[in-house]
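The values are calculated or read from the model by the stated rules, or taken from the named source; none is laboratory data. On a predicted model such as this, the values are computed, not experimentally measured, just so you know. Note that each Cβ is placed from the backbone with ideal geometry, even for glycine, and that neighbours are counted across all protein chains shown. Calculation scope for accessible area: heavy atoms of the full protein, side chains included, ligands and nucleic acids excluded. Shrake-Rupley method; radii C 1.70, N 1.55, O 1.52, S 1.80 Å.
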Amino acid sequence: MVLYAQVAIDVPLETSFTYEIVDAGLQVRARVGKRVLVPFRGRPASGFLVGLSRRRPAAAGERQLEVVDDVVDEQPLFSAADLQFYRRAAAYYQTPLGVALHAILPGGLKYRQRQLYRLSGEQPPAGRGRKKAAVPAALGAALAAAGDGLTAAELA
């Protein structure tokens, strides 16, 4: 079964965009207030989930919908009550919701893509001193254990 997501993207348009979430793993993780990665105008873009539905929105019409690529966050960045406040603030300041959400929430939350870090086969540079030498060794061990790679958040 498909889940339909309303996504607010940081673009100067007074609308949210409808996407499909077809992957069962992403459907379980999808919640209002989380960031998602979506295709937008041929490029990856980050947006905020501002609505979820099992029913296809009438505004989507019959056109083919794009699919959500990834749900970025483990926990929502804002609640449904916060979203109501953000909607009122956006309307008051005559700003699109996506632009307002990206301005309201802390910097550094804008994703364009999800980068994976893997071992290249080269030895990492040796750190000076015992404490500094432990960091490259720990990173190398974590990356070797992951196999497919880790995101920056998973490495932290």
> Does Ala133 fit the bill of being surrounded by 12 or more Cβ atoms within 10 Å (Cβ to Cβ) and modelled with pLDDT of 75 or more?
Replying inline: no
>> On the basis of being within 23 Å of Leu3 (Cβ to Cβ), surrounded by fewer than 17 Cβ atoms within 10 Å (Cβ to Cβ) and either at pLDDT below 95 or β-branched (Val, Ile, Thr) (or both), does Gly108 make the cut?
In response: no
> Of all residues in the stretch 48-66, which are open to solvent by 40 Å² or more (accessible area, probe 1.4 Å), among the hydrophobic types (A, V, I, L, M, F, W, C), modelled with pLDDT under 95 and farther than 18 Å from Pro96 by Cβ?
Replying inline: Ala58
> Of the conditions (1) among the aliphatic types (A, V, I, L, M); (2) at pLDDT 95 or above; (3) crowded, with 16+ Cβ neighbours inside 10 Å, Leu101 fails just one. Which one is it?
Replying inline: (2)
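Quick grid of which residues meet (1) touching a residue at least 12 places away in the same chain (Cβ under 8 Å); (2) assigned to a helix (DSSP H, G or I):
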site: Leu49; (1), (2): yes, no
site: Asp73; (1), (2): yes, no
site: Leu77; (1), (2): yes, no
site: Asp82; (1), (2): yes, yes
site: Ala103; (1), (2): no, yes
> Pick from the stretch 35-47 the residues that are open to solvent by less than 10 Å² (accessible area, probe 1.4 Å) and out of contact with any Ser or Thr (no Cβ under 9 Å at 6 or more places or on another chain): which of them is nearest to Arg87 (Cα to Cα)?
Replying inline: Ser46
> Inside the stretch 1-31, can you point out the residues that are β-branched (Val, Ile, Thr) and buried (at least 18 other Cβ atoms within 10 Å of the Cβ)?
Replying inline: Val7, Ile9, Thr18, Ile21
